[in-house]
Amino acid sequence: MKFVTEWKTAFRTNRGLFEPLVMYFGLYNSPATFQLIIDTLFRNLINQGRVVIYMDDILIFSKTLEEHSGIAKEVLKILSDNKLSIQTKKCRFYQTKIDYLGVIISKNSIEVDPIKIKGVVRGPLRGDHSLS
């Protein structure tokens, strides 16, 4: 975890304040809690159909570069206002085609990633599954 985000998982014990440096497995509901926070922060943009967010993946939907830039600035402001950070090396802006959760999304289509299909087509057959 980044130094500036340690407070988000900090808790007080009888021996003082504990600020973990990594997300530990004992936080079973962390992903669900994080998703709830993100859904709440971005509720307006989500309801307008301008963004889709799953965990730490934020997809921005726009018709023009100007619109995309405006939404991206709004997203970055919401993150900044709530002391959430991004890793810029993992960000990709102005994409017209993207692989997202096993599907390829482009301007005019949503397709299953061919790599995902290969495993099913080439996979071993297990028993006879015919209906006859």
Among the listed pairs 89/118; 83/118; 73/107; 77/116, those beyond 32 Å (Cα-Cα)
83/118; 77/116
Once you place label points 7 Å from the Cα toward the Cβ at residue 103 and residue 82, how far apart are they in nm?
2.4
Put a dot 7 Å past each Cα toward the Cβ at residue 74 and residue 39; how far apart are the dots in nm?
2.0
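Can you give the local net charge around residue 53? Use residues other than it whose beta-carbon is closer than 11 angstrom to its beta-carbon, Lys and Arg +1, Asp and Glu -1.
Numbers: positive: 43, 50; negative: 39, 56, 57.
For residues surrounding residue 53, the net value is -1.
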Looking at 52, 95, 85, which one has the Cα that reaches farthest to the positive end of the dipole of the range 39-108 (charges on Cβ: Lys, Arg +1; Asp, Glu -1)?
95
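Values in this text are rule-based calculations from the coordinates and carry no lab data. Nothing here was measured: the structure is a model prediction, and the numbers come from that model. Counting neighbours? That spans all protein chains shown, and the Cβs are built from the backbone with ideal geometry, glycine included.
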